[in-house]
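**Student:** Quick one: structure below, then a few questions.
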Amino acid sequence: MPEIRRLLPTLDIASAPTSLERLRERGFERALQRSAAMTSQAIVAEVQASGIKGRGGAAFPTGAKWAAVLAASGEVRYAVMNADESELGTFKDRALLEQDPLGAMVGLVIAARAVGAKRAYCYVRGEYREVEAQMGAAIQTLRQAGWVGADTVDIEIRRGAGAYIAGEETALLNSIEGKRAEPRVKPPFPTTQGLWRSPTLIQNVETLANVALLFAHDVDWFRTYGTPDTPGTKLIGLSGHIEHPGVYEVPFGYPLMQLITETEMGHGVSGSGHLGAVLLGGAAGTFLAPDEIRDSVLDYGSLAKYGASIGSGAFMVFDDTVDLTWVLTKLARFFADESCGQCVPCRVGTRRILEFLQRGELERRPEDLRDLAQAMKDASICGLGQTAPVALLSILDRLERRTNETRR
Amino acid sequence: MKNKVTLTIDGETVTVPAGTTLRAACDLVGHPVPTLCWHENLTAANACRACVVELKGSRTLVASCSREAEEGMDVRTNSERVLNSRKVVAELLLSTSKSELAPDLLSLAQTAAADPDRFSGGATWEQPVLDDNNLYVRDLSRCILCYRCVEACGDDAQNTFAISVAGRGFEAHIDAGFGRALPESDCVYCGNCVAVCPTGALIGKTEWTLRQEGQWVDDNITVTETVCSYCGVGCQLNLHVLDNRIVKVTSPMDHPVTHGMLCVKGRYGYEFVQIEDK
Ligand SMILES: Cc1cc2nc3c(=O)[nH]c(=O)nc-3n(C[C@H](O)[C@H](O)[C@H](O)COP(=O)(O)O)c2cc1C
Ligand code: SF4
Ligand code: SF4
Ligand code: SF4
């Protein structure tokens, strides 16, 4: 099946990415006009009917989140675009913001309108300077067209300072408030107590781009791709041992193996040419074996069978010569470096996992590692510590299966 | 809103005022949960995670120090997952910091049957003692990063904001700003951070010196109550006396005026008193 382009503009679109012409050509002006004529309740109902799920990693139903912010009490409300994109192997928000920044920005304007936010923030990864400039230009275009401003919604860009943890929604809010990017305890959720304790809607770039598309068309159009459970398309970041790395847009339900083999997409495994494993979802993701890849489609139900999830859409391919323990050690270093240090299971646990791997004790002390991993999953404050041992556990499980098989 | 909520803790039903934390509710039914960073007079930092309990329907365990009781909650304080987390938290802390002066950590380690060696052998917080002023010493190799000192110095008590957490991950540590020595920092030496530190990482200079010399004997210390005479606020002072010498001044955490917090004169002015006496 060829690549689909909905989130990413089709190749015949030649207008400048941040121009007024682009706004019209992509249907985003229509999206703004259509939503401007709707009540908050009607906008939220349409998002709910579309079945959009969050694309930042957790796949939380977007409409439900909007409804929660709308229902929360408080005069002042905020909307936030999460463009901190720092997950390993994840570069799809960057591609989206470079190629078509008006989409996500229009999604943010619609979101702000729906929840009654007069002020919105775009929190962008510090290293993304070109992206930031592009976002600024997109805001300027919307300002000139009268969609952004003091009497509608004002949008401000905030730049991160190079911490993966600042992408976690509550740490991001602290960072916007000028505090250390440490996650907050939940509940209360940002929907009721977010920025400066006011109800706050926070969405990933790609989620907001989907919102713009939805309002440029309608629910039926939106649901023509994807599965009944998870409608729409997803941006996948293909990297590693793959002939054609890059960002590809595919519908949910797409066979994972085709991402690797299709000539218009991955075009096959590079390196040795033989697939060893895929790390799906980035550092916080799960390793999938070739037979598991062959057996799975891009949907949450299909992947749950292997304890996997789509996460941010990072799809890292490893050929069969790669020592996955070496990869695990790299991931462990990433988590140890990026832990904010607030809670004990993650602050010390991520360091101990790294040391275990560096000492080559993965197979010698699986029980101690499992106890540690379980405590990190159970007792860490935020998703970083909770998911840091997930890839490790998927390898431990695999080693265990192998030992059991040889014993038999 | 209802002002009472009813929940189940380890199978026992209990009704508590709305806004009660799970930790307090567990206390009420006589199934207390261990805590390290929680302190009665400070905002819950929920950083140590020793107080986690299992809440039916929740993917992860929840920190009972900061989670409020809700109608119909089903809580377990002694499930296998809870016991594992407590034990691992104790073991991780024992593997990084010196614990002889940390009674809460030692008792957690004991009740959780922690094996101090299980996760040891890697990086630790061993570091030189910071002895840069005459009033208190910072021995951060004992620190468990409970945030108590930061909160006491901040808007929970002192409002000086002289110290904060700096660095991240395993390198996160208590810092007076850019690694400065205390005399160069904003510290006003109220010693309120020292009063709430649960590990001896912040310790009065006199106590630290006597401990170094092997002269500090807990059993030989008597405590005399008095009221501070420097100003008219009426702070209660507990003078800890060893061999006829005041070696430490504290104030009770439940005292209605001080809530355990003092200023530099009350807490460290005793040397001056003793010199005058002579
Ligand atoms: C450690 C960590 C890092 C995260 N980084 C990002 C990020 O860079 N971008 C993002 O959109 N979401 C990130 N998230 C997820 C956010 O917390 C949040 O779920 C998301 O922004 C919600 O938007 P969505 O519902 O549109 O996906 C991160 C989560 C964790 C735990
Ligand atoms: S889990 Fe890790 S990153 Fe998250 S709050 Fe705890 S220490 Fe910080
Ligand atoms: S002595 Fe007082 S001012 Fe100084 S760091 Fe401690 S709490 Fe802050
Ligand atoms: S110095 Fe003491 S009070 Fe401060 S964080 Fe460390 S252990 Fe806690």
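**Student:** Of these, B:Val75, B:Val29, which one is open to solvent by less than 20 Å² (accessible area, probe 1.4 Å), touching a strand residue (DSSP E or B) at 6+ places or on another chain (Cβ under 6 Å) and away from chain A (no Cβ under 14 Å)?
**Tutor:** B:Val75
**Student:** Does A:Trp147 fit the bill of being part of a helix (DSSP H, G or I) and either of a type in the set (Phe, Trp, Tyr) or not assigned by TED's automatic domain parsing to the domain that holds A:Ala37 (or both)?
**Tutor:** Criteria not met by A:Trp147.
**Student:** Name the pairs: first residue in the stretch B:141-165 and within 14 Å of chain A (Cβ to nearest Cβ), second residue near ligand 3 (Cβ under 7 Å from one of its atoms) and hydroxyl-bearing (Ser, Thr, Tyr), Cβ to Cβ under 8 Å, at least 6 apart or on different chains?
**Tutor:** Here the result reads B:Gly154/B:Thr160, each pair linking the stretch B:141-165 to a residue that is near ligand 3 (Cβ under 7 Å from one of its atoms) and hydroxyl-bearing (Ser, Thr, Tyr).
**Student:** Let me ask something else about it. Taking the stretch B:30-63 only, how many residues are β-branched (Val, Ile, Thr) and assigned to a loop (DSSP other than H, G, I, E, B)?
**Tutor:** Of the residues in that region, 4 qualify.
**Student:** Would you tally the residues in the stretch A:341-385 being surrounded by fewer than 21 Cβ atoms within 10 Å (Cβ to Cβ) and closer than 19 Å to A:Glu169 by Cα?
**Tutor:** Total satisfying the criteria: 1.
**Student:** Only one of A:Arg22, A:Arg30, A:Arg6 is touching a residue at least 12 places away in the same chain (Cβ under 8 Å) and touching a strand residue (DSSP E or B) at 6+ places or on another chain (Cβ under 8 Å). Can you tell me which?
**Tutor:** A:Arg6
**Student:** A further question on this structure: Does any residue in the stretch A:340-358 that is within 7 Å of another protein chain (Cβ to nearest Cβ) come within less than 8 Å, Cβ to Cβ, of a residue that is among the basic types (Lys, Arg) and surrounded by fewer than 24 Cβ atoms within 10 Å (Cβ to Cβ) six or more places away or on a different chain, and which pairs are these?
**Tutor:** A:Cys340/A:Arg180; A:Cys340/B:Arg168; A:Gly341/B:Arg168
**Student:** Need pairs with beta-carbon distance below 8 Å; first residue open to solvent by 30 Å² or more (accessible area, probe 1.4 Å) and within the stretch A:157-186, second within 16 Å of ligand 3 (Cβ to nearest atom); sequence gap 6+ or separate chains.
**Tutor:** A:Arg180/B:Ser164; A:Arg180/B:Val165
**Student:** Mind checking which residues of the stretch B:168-211 are in contact (Cβ under 8 Å) with a residue 24 or more places away in the chain, in a loop (DSSP other than H, G, I, E, B) and either open to solvent by 20 Å² or more (accessible area, probe 1.4 Å) or among the hydroxyl-bearing types (Ser, Thr, Tyr) (or both)?
**Tutor:** B:Ala181, B:Asp186, B:Cys187, B:Val188, B:Tyr189, B:Cys197, B:Thr199 - these are the residues of the stretch B:168-211 that are in contact (Cβ under 8 Å) with a residue 24 or more places away in the chain, in a loop (DSSP other than H, G, I, E, B) and either open to solvent by 20 Å² or more (accessible area, probe 1.4 Å) or among the hydroxyl-bearing types (Ser, Thr, Tyr) (or both).
**Student:** Let me ask another. Tell me which residues, restricted to the stretch A:170-197, are within 10 Å of chain B (Cβ to nearest Cβ) and among the acidic types (Asp, Glu).
**Tutor:** A:Glu182
**Student:** For A:Ala388, only one of the following conditions fails: (1) more than 10 Å from every other protein chain (Cβ to nearest Cβ); (2) open to solvent by less than 10 Å² (accessible area, probe 1.4 Å). What is its number?
**Tutor:** Here A:Ala388 meets the rest and fails (2).
The values are calculated or read from the model by the stated rules, or taken from the named source; none is laboratory data. Everything numeric in this text was worked out from a predicted model, so none of it was measured. Positions of Cβ are generated from backbone atoms using ideal geometry, with glycine treated the same way; all protein chains shown enter the neighbour counts. With ligands, DNA and RNA removed, areas are computed over all heavy atoms of the protein, side chains included. Shrake-Rupley method; radii C 1.70, N 1.55, O 1.52, S 1.80 Å.
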